[in-house]
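Nothing in this text is a laboratory measurement; each read-out follows from the coordinates by a stated rule. Remember, predicted model here, so these are calculated numbers, not experimental data. Note that we place each Cβ from the backbone using ideal geometry, even for glycine, and neighbour counts take in every protein chain shown.
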Amino acid sequence: MALSRFTIHGSRFTSVAAVLLSCVALTTVLWGWYQLDVPVARFVRSLHHEVWGIPRAPWLRWVSDVGDWLAKPLLLVAISVALLAMGLVFKRPVFRLAGLESLIAHAAAGLLTNGLKHLVGRPRPKFTHSGEFQFSPTLDFGLDSFPSGHSTASFAIAAVLAKHFPRAAWFLYGTAGLVAVSRVLRGSHFPSDVVAGAGLGVLAGYVVANPIRAWRSSLRTAITSLASYLVGAFALIWTMVHLPSAEPTNTLTMAAGLAAMAVGSGSRFYRTVRGADALSSGWVPTRYRANGLIGVGLALTTGSVLVMSLVALLILAQWLAHDQAASIKDSLPDSAQSSSPGYRGLFAEALFAAALIVAALAIQGLKGILPIL
């Protein structure tokens with residue numbers, strides 16, 4: 001009994017710690033985007049300029065118009081109503097729930113963002129000409145930039161629909177991402193506005209799409225999952241807008257990153273060859289720890305201290321979040337774990353290692369490709 005209580009309290013502690021670390025990572029990401037707000041806004045304005053009567057970026061208007069059309073409130077409501085009607089007419093519970101919950105998520109997103117918009121009172125990019133932003137409660141038009149309502153609604157609905165139609169998750173979140181990008185390209189919002197909106201939308205969608213009694217676990221899962229995606233997106237953009245560090249430092253971090261990825265990939269390959277029995281080996285990490293080592297390696301190749309710190313926070317949070325599940329799996333007897341890797345598993349690991357090499361090289365090519373700072 002005492003052992004079970006200790007396990008329960010330990011599980012709660014690691015769960016809370018994982019959420020706190022994820023929140024720290026999310027806050028840091030939002031702060032990082034805040035540093036890019038004015039440079040990105042100025043860069044977008046420069047893209048709207050014309051040279052000899054020809055738009056500098058003719059694709060800009062098309063992308064912004066498509067994203068703006070996809071986020072029309074009437075269109076989003078029509079999609080939800082159509083799903084609800086299909087569920088009722090054809091007696092398909094999955095469509096009925098998806099339609100009903102997406103309507104609720106849309107309404108929750110609207111109430112949340114409208115309240116925050118006027119509480120924060122942040123000027124929109126077209127009303128800002130310097131790096132000084134005013135934050136004060138107001139109902140004035142144009143002082144309602146943070147967070148982006150279109151982004152919040154789009155991601156809230158995407159989160160609900162992805163829960164019921166997981167195979168379409170990438171398409172749904174990709175469409176919501178296009179909406180978020182279009183808000184920045186139109187000059188209607190700063191990057192931090194749409195990132196905050198995306199985060200709020202996903203959290204709202206997760207809570208609505210899961211049983212109301214499990215709202216705490218739903219929120220916990222949403223926060224830890226959201227942190228990984230937002231950290232990844234921020235790390236990519238942060239690397240693209242910052243020039244590489246001095247050659248000795250860049251070479252050192254690159255070498256350290258490649259070494260970490262090599263060890264992580266070797267551990268994954270060893271586990272695949274030996275089967276799950278390799279989990280009990282003292283010097284061979286589990287697959288999850290190997291993936292964490294690979295993540296650290298990729299962060300090292302960026303040469304950015306901020307990216308490295310965020311990835312370290314994220315990996316620690318993910319380890320804590322999955323600690324209990326990993327412990328249960330590790331405690332299973334050998335007969336309950338598969339030890340036959342098969343050629344497909346080995347081939348998949350080889351492709352994964354090759355993809356890591358391509359990713360490391362791509363990171364080097366992306367450094368400072370957008371010199372907007």
For V24 and M86 in one chain, what is 0.36 nm times their gap in residues minus the Cα-Cα distance, to one decimal in nm? 18.1 nm
Check: C-alpha center segment 70-115 vs C-alpha center segment 351-373, spacing in Å is 39 Å
Under the Karplus relation 6.51 cos²θ - 1.76 cosθ + 1.60, θ = phi - 60°, what is the ordered set of whole-Hz ³J(HN,Hα) values for segment 247-254, x standing for Gly and Pro? 3, x, 5, 4, 5, 5, 5, 5
Report the far tail of the P(r) of segment 18-241, meaning the percent of Cα-Cα pairs longer than 30 Å. 25 percent
Vicinal HN-Hα couplings computed from phi for segment 206-211 (Karplus, 6.51 cos²θ - 1.76 cosθ + 1.60; Hz; Gly/Pro x): 4, 5, 5, 7, 10, x
By what distance, in whole Å, do the Cα atoms of segment 61-163 stretch along each of the three principal axes, largest value first? 55, 31, 21
Apply the Karplus curve 6.51 cos²θ - 1.76 cosθ + 1.60, θ = phi - 60°, to the phi angles in segment 299-309 and return the couplings in whole Hz, x for Gly and Pro. 5, 5, 5, 6, x, 9, 5, 5, 5, 4, 5
Given K126/K367; K117/K163; K163/K367, the pairs whose alpha carbons are separated by over 32 Å: K163/K367
Tally Lys/Arg at +1 and Asp/Glu at -1 over every other residue whose Cβ is under 15 Å from the Cβ of A82; what's the total? +2
To the nearest 20 Debye, how big is the dipole of segment 18-241 about its Cα centre, given +1 on the beta carbon of each Lys and Arg and -1 on that of each Asp and Glu? 560 debye
